[in-house]
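Okay, so here's the structure we're looking at.
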Amino acid sequence: MMMSIYLDHAATTPVHPRVREAMQPYLTDHFGNPSSIHSYGRTARAAVEGSRDVIAQFLRVRPKQLVFTGSGTEADNMAIIGAAMANRERGNHIITTRAEHHAVLHTCEFLEENGFEVTYLPVDETGMVQVSALEQALRPNTILVSIIMGNNEVGTIQPIASIGQLLRDKQILFHTDAVQAFGLLQIDLAELPVDLLSASAHKINGPKGVGLLYVAGGVKLSPFIFGGSQERNRRAGTENVPGIVGFAEAVKLAAEEMENKWAQYGRLRQAMIETWQTSQIDFYINGHPEQYLPHILNVSFPGTDTETMLLNLDLAGIAAASGSACSSGSLELSHVLQAMCLDESRSRSAIRFSFGWGNTVEQVNQAAVRIAEIVKQLKGSK
Ligand SMILES: *Cc1c(COP(=O)(O)O)cnc(C)c1O
């Protein structure tokens, strides 16, 4: 039996044992509703607020600036729809890029159907957006800019600090989807000029179904989930107490492990590349040569196609992806690779490998050998 190797951590990660342990009491004894005034409620409330404090400290923000949501997707929706609705008196123009996650792109498309105008900035062949292009796209009626911090398909890291500088003092809100970058990049929101930032627990060994949105002081968002007064009236609904506790524990872990991760993912990446070089298969790395998230390795194997590769990889016990989890399973070309204008044979043969907790050099060497064999077989059978 071949050992399976999970190289799809950009899609989701396993819950770390330490996270599971932290969550356990809130699934059993401490099941209270944080809004209840009795002791069960108070225990749950203390856990939620303690978790908020941990994450606030990590991001260097005030606890009340964090809103817990049901996912990274919901945080993106809340930021974009909330900012658009709250500022519609001032303008209806929004700027984003062609290389965003669908949680941002489809939200912008929804707003376009509802009276807003959206500019989708191009990216270059490395997936990078140009700050000068953003500057040129600004209009007097621009109310919001949303740009991903680290791309989930190719890993490219956008110049968020420079973009924030440009937008500062312009009365334009700046949102960044930091779901992939969160826990890997040092994000110091006391310094970084962004108004809204999304993150998600399950990409950093936390549980699924919990995300957060940072909302800078003074930023008004229209809520779009109505009900109780949870999260300071910004997101109704009983809090996911075990999820929030798990999120905080995952953040602690990420803070402790950040440096180790960069070193380890660097080694894993190098090991795969060297194995492929030794086996003399053709491959191209997609994304930026320097500004990239260390856990994402997007590679094209010309002469193969993504769909067939993924099927064969799966049979060989290797879990990888075609880019975004949402578009895998369909023959659709990745919108990010399309935006990068890679040539057809390259974008039709791209595979995303993404590393995480538990991956070893031995594992990725083994995977790389199997991958090289598959590439040779597929090309030989043509
Ligand atoms: C995974 C991901 C999301 C969505 O987060 P969920 O918690 O899965 O809804 C949004 N943006 C990026 C960049 C992601 O990688």
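Here the ratio of the Cα radius of gyration of the chain to 2.2 N^0.38 Å is 1.01. Taking amide hydrogens as placed 1.01 Å from N in the peptide plane, the amide H of I225 sits under 5 Å from those of A236, each at least 5 positions away in sequence or on another chain.
Region 263-280 and region 1-53 have Cα centres separated by 35 Å.
Partners of K252 within straight-line reach, counting lysines whose Cα lies under 30 Å from its Cα and excluding those fewer than 8 residues away in the same chain: K64, K203, K208, K220, K261.
Express as a percent, rounded to the nearest 5, the fraction of DSSP beta bridges in the chain (both residues included) that run antiparallel.
On the way: 20 of 38 bridges.
That works out to approximately 55 percent antiparallel.
Element breakdown for the chain at a 1.4 angstrom probe: carbon and sulfur atoms account for 51% of the accessible area. Under 5 Å from the amide H of T119 lie the amide H atoms of I94, I95, T96, each residue being 5 or more positions distant or on a separate chain, with H modelled from the backbone and absent for Pro and chain starts. Rg/Rh for region 116-173 stands at 0.95; both radii use Cα atoms, and Rh follows the Kirkwood definition.
Got a sec? What order do K208, K261 fall in by accessible area at 1.4 Å, biggest, i.e. largest, first? Write out the running numbers ahead of the final one.
Values: K208 125, K261 30 Å².
From most exposed to least exposed: K208, K261.
Beyond 27 Å, what share of the Cα-Cα pairs of region 251-382 remains, rounded to the nearest whole percent? Kindly include the intermediate steps, with their values, before the conclusion.
Details: 1529 of 8646 pairs.
That tail contains 18 percent of the Cα-Cα pairs.
Calculated FRET efficiency, Q277 to R232, Cβ-Cβ distance, R0 = 56 Å: about 0.55 to the nearest 0.05.
With r defined as the distance between the Cβ atoms of E89 and L27 and R0 fixed at 30 Å, what FRET efficiency is calculated, to the nearest 0.05?
Numbers: r = 45 Å, r/R0 = 1.49.
Computed FRET efficiency for E89 and L27 comes out at 0.10.
Give me the extension gain from V369 to R98: residue separation times 0.36 nm, minus the current Cα-Cα distance, reported in nm with one decimal.
Values: separation 271, 0.36 × 271 = 97.56 nm, distance 3.41 nm.
Roughly 94.1 nm would be gained on extension.
A compact globular protein would have a Cα radius of gyration near 2.2 N^0.38 Å; the ratio found for region 193-316 is 1.49. For A316, the shell of other residues with beta-carbons less than 9 Å away shows a net charge of -1, using +1 for Lys and Arg and -1 for Asp and Glu. Extent along the principal axes, Cα only, for region 267-310: 28, 22, 16 Å, with the longest axis given first.
In order along region 145-160, the phi-based Karplus estimate (6.51 cos²θ - 1.76 cosθ + 1.60, θ = phi - 60°) of 3J(HN,Hα) comes to 10, 10, 9, 5, 6, x, 5, 7, 9, 10, x, 4, 9, 7, x, 4 Hz; Gly and Pro are listed as x. The alpha carbon centroids of region 141-215 and region 62-133 are separated by 11 Å. Selection among Y284, A22, V210 by position relative to the dipole of the chain gives A22 as farthest towards the positive end (Cβ unit charges, Cα centre). With θ taken as phi - 60° and the Karplus curve 6.51 cos²θ - 1.76 cosθ + 1.60 applied, the whole-hertz 3J(HN,Hα) list for region 238-251 is 4, 4, 7, 4, x, x, 5, 4, x, 4, 4, 5, 5, 5 Hz, x standing for glycine and proline. Using every pair of separate Cα atoms, the Kirkwood estimate puts the hydrodynamic radius of region 164-240 at 14.1 angstrom.
Just the accessible area per residue of region 183-244, please: how many Å² with a 1.4 Å probe? Show your work: numbers first, answer last.
On the way: 2420 Å² over 62 residues.
Ligands and nucleic acids excluded, the result is 39 Å² per residue.
For an R0 of 35 angstrom, estimate the FRET efficiency from the Cβ-Cβ distance between T360 and D124 and round to the nearest 0.05. FRET efficiency, T360 to D124: 0.55. Restricting the calculation to Cα atoms, region 37-131 shows an Rg/Rh of 1.11 when the hydrodynamic-style radius is the Kirkwood one. A crude spin-label estimate for the pair E49 and Q291, with each label 7 Å from Cα along the Cβ direction, gives 4.1 nm.
Using a simple spin-label model with pseudo-atoms 7 Å out from Cα toward Cβ, K379 and Q136 lie 3.8 nm apart.
Under the combined filter of DSSP loop state and at most 12 neighbouring Cβ atoms within 10 Å, region 147-237 retains these GluC sites (Glu not before Pro): E191. Dipole magnitude for the chain: about 740 debye, using +1 per Lys or Arg Cβ and -1 per Asp or Glu Cβ, origin at the Cα centre.
What the phi angles of region 41-51 give under the Karplus curve with 6.51, -1.76 and 1.60, with θ = phi - 60°, is a coupling list of x, 5, 5, 5, 4, 4, 5, 5, 6, x, 5 Hz, glycine and proline written as x. Label sites at Y284 and A161, each approximated as a point 7 angstrom past Cα along Cα to Cβ, lie 3.1 nm apart.
Label zone of E117 (point 7 Å out along Cα→Cβ, amide N under 18 Å): in region 174-199 this covers no residue at all.
The spread of Cα positions in region 154-203, taken along each principal axis and listed from longest to shortest, comes to 34, 19, 16 Å. Taking GluC sites (Glu not before Pro) across region 264-317, the ones in a DSSP loop with at most 13 further Cβ atoms lying within 10 angstrom of their Cβ are E290.
The values are calculated or read from the model by the stated rules, or taken from the named source; none is laboratory data. Computed from a predicted model, the values in this text were never measured in an experiment. A quick note on method: Cβ atoms are made from the backbone with ideal geometry, for glycine too, and the neighbour counts reach across all protein chains shown. To get the accessible areas, we keep the full protein, side chains included, count just its heavy atoms, and leave off ligands, DNA and RNA. Shrake-Rupley method; radii C 1.70, N 1.55, O 1.52, S 1.80 Å.
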